[in-house]
Amino acid sequence: VVLGVGGVRGWRTYDHWSEVAARLPLPPDVAVVLVGAANGREAAEAIRAATTQRLVIDRVDRHPLPEVYEILRRSQAAACADGGLLHVANAARVPTVSLFAERIDPSYRLTPANRSVAFHAPGEVSDTPPAEVAQALARAATGALSGVEVVRVPEPAVRRRPLNTVDDRLPQHGR
């Protein structure tokens with residue numbers, strides 16, 4: 001299975017991939033392959049450190065997009081936050097677990113042709129519980145998905161960071 005790690009905006013970057021990899025209810029011989037850009041290096045290191053019972057193959061920041069497409073196409077399933085890697089996974093026709101937040105409704109990005117469990121959090125993608133992501137990824141990897149299933153994530157009791165400040169939403173050039 002593939003995890004798409006990293007991200008540009010905090011509210012669209014999942015912080016719990018290491019917990020997902022550690023809790024993945026699949027046989028231990030199923031490897032976890034990590035893909036992403038350079039901004040996913042820290043997450044990749046945390047996943048490798050936390051995942052001791054399963055092979056983790058770190059391909060973060062090592063492949064151009066056509067090669068990432070091939071990695072995804074050959075996988076059983078992928079989990080990604082809404083962004084470029086999710087769209088590549090959908091183009092590769094791999095079942096996905098997709099993480100969405102706030103005003104970006106999954107129906108904006110997914111079509112009935114996709115096979116996806118789409119978690120939609122009210123604030124940020126990291127509000128999605130890692131145990132639920134791991135369970136959904138196991139279902140995706142076993143071929144149990146058809147169409148799009150949207151799971152609404154409840155509002156967290158405590159907000160970890162302010163919602164979508166201008167600095168987080170908009171690219172700032174010259175900084």
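The values are calculated or read from the model by the stated rules, or taken from the named source; none is laboratory data. Computed from a predicted model, the values in this text were never measured in an experiment. Positions of Cβ are generated from backbone atoms using ideal geometry, with glycine treated the same way; all protein chains shown enter the neighbour counts. Calculation scope for accessible area: heavy atoms of the full protein, side chains included, ligands and nucleic acids excluded. Shrake-Rupley method; radii C 1.70, N 1.55, O 1.52, S 1.80 Å.
Quick notes on this one:
- Ser98 meets the conditions (1) open to solvent by 10 Å² or more (accessible area, probe 1.4 Å); (2) of a type in the set (Gly, Ala, Ser); (3) closer than 17 Å to Val153 by Cβ; (4) without any contact (Cβ under 8 Å) to a residue 60 or more places away in the chain in every case but one. The failed one is (1).
- Matching strands (runs of 3 or more DSSP E) fully within region 1-80 where at least 2 residues are of a type outside the set (S, T, N, Q) and within 24 Å of Ala101 (Cβ to Cβ): 2-4, 32-35
- Among the conditions (1) free of Cβ contacts under 8 Å to residues at least 60 places away in the same chain; (2) touching a Leu at 6+ places or on another chain (Cβ under 8 Å), Ala77 misses just one, which is (1).
- When region 113-142 is limited to residues that are free of Cβ contacts under 8 Å to residues at least 60 places away in the same chain and part of a helix (DSSP H, G or I), the one that is nearest to Pro156 (Cα to Cα) turns out to be Asp127.
- Scan of region 81-95 for residues that are assigned to a helix (DSSP H, G or I) and buried (at least 18 other Cβ atoms within 10 Å of the Cβ), ordered by number: Leu85, Leu86, Val88, Ala89, Asn90
To keep it simple, each residue is scored yes or no on (1) at pLDDT below 85; (2) more than 23 Å from Gly10 (Cβ to Cβ); (3) among the hydroxyl-bearing types (Ser, Thr, Tyr); (4) open to solvent by less than 50 Å² (accessible area, probe 1.4 Å).
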site	(1), (2), (3), (4)
Ala121	no, no, no, yes
Thr128	no, no, yes, yes
Ala134	no, no, no, yes
Ala138	no, yes, no, yes
Val148	no, yes, no, no
Arg152	no, no, no, no
Arg169	yes, no, no, no
Gln172	yes, no, no, no
Arg175	yes, no, no, no
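- Qualifying residue in region 65-81 (condition: modelled with pLDDT under 95, of a type outside the set (A, V, I, L, M, F, W, C) and either within 14 Å of Arg12 (Cα to Cα) or in contact with a strand residue (DSSP E or B) (Cβ under 8 Å, 6 or more places away or on another chain) (or both)): no
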